[in-house]
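In what follows, a structure is listed as structure tokens, so that the remarks can point back to it.
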Amino acid sequence: MKLVKVKFRGLGPIPETDWLKVQGDLNLIHAPEGPRREAIATALESLNPPYRCRDVQPFRDLPRLIRQSGHLRTVKLHKRTIMLGVYDSDPDLVAELATISPLLFETDLIEVGRRLDHSRWINFIELASSTRWSEIAEQVNTLRAAAEDAIDGEQALFRQLGDLQPTDRIKGALMRDLSAWVEQQGARQPGDRGSLDELQHLIRRAESFSAARQLVRRRLPLSIVLSVEPSSTPTAASYQTEAGTPLQAVLTRLETTLGERLESKSETVRRQIFASGNRTCWENGCSPRLTAAWQQSRLTLTFHDAANREVPPEALLAPELMQIAGSQLIDLITTVWGARPILVLPLPEQPLNDRAAHELATNSKALARLSQCFCIGDIDRYFPGEPRLEIG
């Protein structure tokens, strides 16, 4: 899955934009100022970060009051979506969704939004997540007409159906009661089982789409900010509670997030995953190399040189960090998570010489050939003349 569109909802240093069409694997966002650069990176990462958003609360320092038409208004955290992204759906995901309900075979684009209270919502674009009464009324009434007199417990259901408006949605207790009644009619009136199955899928659509959202949450690619310098703004730094360099913070979060996914695996499966992931990191020729291990019931991620000596993350220079650490993290995450991550790369704000800036841009392009990347910063300095996503 990859992002095909993004939208920032504007609050504090986060810009207000229309839908921005993602330009493929390498996307450049011009934001030379530190606060805006880091706010954009945080917002992109929040779509599916390597941490629990409600625990870290990356938007907790954003303003809670906004001025509209000359008046101060309180932002309703549970209603205000701050970041939106639209993902494509790969064939394997669609096939898995279709096992939940054939209605989901039409899945094409999936929209994800992160609210200011750090909750998240998921929609299947152009697919209704519940069925209107008008869509099934004729089938249900036909089935009811063919049924015998209502038995105990059915009169209440029929009265409820009689009170429905055409646009009312079938969900909750009504969905469960109606589904159970249709199942009973199938047993009482043997006939066209296919039609009854289709009707059941429509009735239980809300339940199926809820299960589909859970599946998408597990399949959604991680979004990871990989920075080569510490945060320069209090707002962006406030949610980075892990000690050490930005790379150390990323490793700490990944140890927790990937470790939670591996906990349910057997020891044999974990060994196979680590063997595959570590082999990929070793075979790509990088030095130092990333090594994953399961020690004392937790995942550990470390770098080692050719002599198998541990290399501290702070020893990696900026170009090395972007290319060596980035490419190996992509390989490992893909092996464990089952999907290539989306990298968010805030470009250094501190002055670099032309050679270092060129090398950093070259390494960013190399990473984008492995996984989708968003580079944020002074695009004119790092990628002169190249197309970018304009955010105003």
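The values are calculated or read from the model by the stated rules, or taken from the named source; none is laboratory data. All values derive from a computational prediction rather than experimental measurement. FYI the Cβ positions are ideal-geometry reconstructions off the backbone, even for glycines, and counts take in every protein chain you see. The area values use the complete protein model at the heavy-atom level, side chains included, leaving out ligands, DNA and RNA. Shrake-Rupley method; radii C 1.70, N 1.55, O 1.52, S 1.80 Å.
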Which value, in Å² and to the nearest 10, is the accessible area of residue 52 when all protein chains are kept and the probe is 1.4 Å? 140 Å²
With a 1.4 Å probe and all protein chains left in place, how much accessible area per residue does the range 21-78 have, in Å²? 51 Å²
Any chance you could give the angle, 0 to 90 degrees and rounded to 10, that helix 354-368 forms with the longest Cα principal axis of the chain? 30 degrees
Going by alpha carbons, how many degrees (0 to 90, nearest 10) lie between the helix axis of 133-146 and the longest principal axis of the chain? 30 degrees
Among the trypsin sites (Lys or Arg not before Pro) in the range 332-392, which ones are in a DSSP loop with at most 10 other Cβ atoms within 10 Å of the Cβ? Mind listing them? 369
What is the magnitude of the charge dipole of the chain about its Cα centre, with +1 placed on the Cβ of each Lys and Arg, -1 on the Cβ of each Asp and Glu, and no other charges, expressed in debye to the nearest 20? 780 debye
Most fluctuating residue given options 371, 327, 276, as computed from a GNM of the chain linking Cα atoms under 10 Å: 276
Positive end of the charge dipole of the chain (Lys, Arg +1 and Asp, Glu -1 on Cβ, about the Cα centre): tell me which of 4, 40, 295 has its Cα farthest that way. 40
Working from Cα positions, state the angle (0 to 90°, nearest 10) between the long axis of helix 91-100 and the longest principal axis of the chain. 30 degrees
Solvent-accessible area of residue 118 with every protein chain in place, 1.4 Å probe, in Å² to the nearest 10: 10 Å²
How big is the accessible area of residue 267 in square angstrom, nearest 10, if you roll a 1.4 angstrom probe over the protein chains? 120 Å²
Determine the order of 21, 171 by accessible area, beginning with the largest, at a probe radius of 1.4 Å. 21, 171
Please report, as a whole percent, how much of the solvent-accessible surface of the chain comes from carbon and sulfur atoms (probe radius 1.4 Å). 48 percent
For the range 193-226 and the range 2-43, compute the distance between their C-alpha centroids and round to whole Å. 29 Å
Along the charge dipole of the range 92-139, which of 105, 122, 93 sits closest to the positive end, that is, farthest toward it, with unit charges on the beta carbon of Lys, Arg, Asp and Glu (+1, +1, -1, -1)? 122
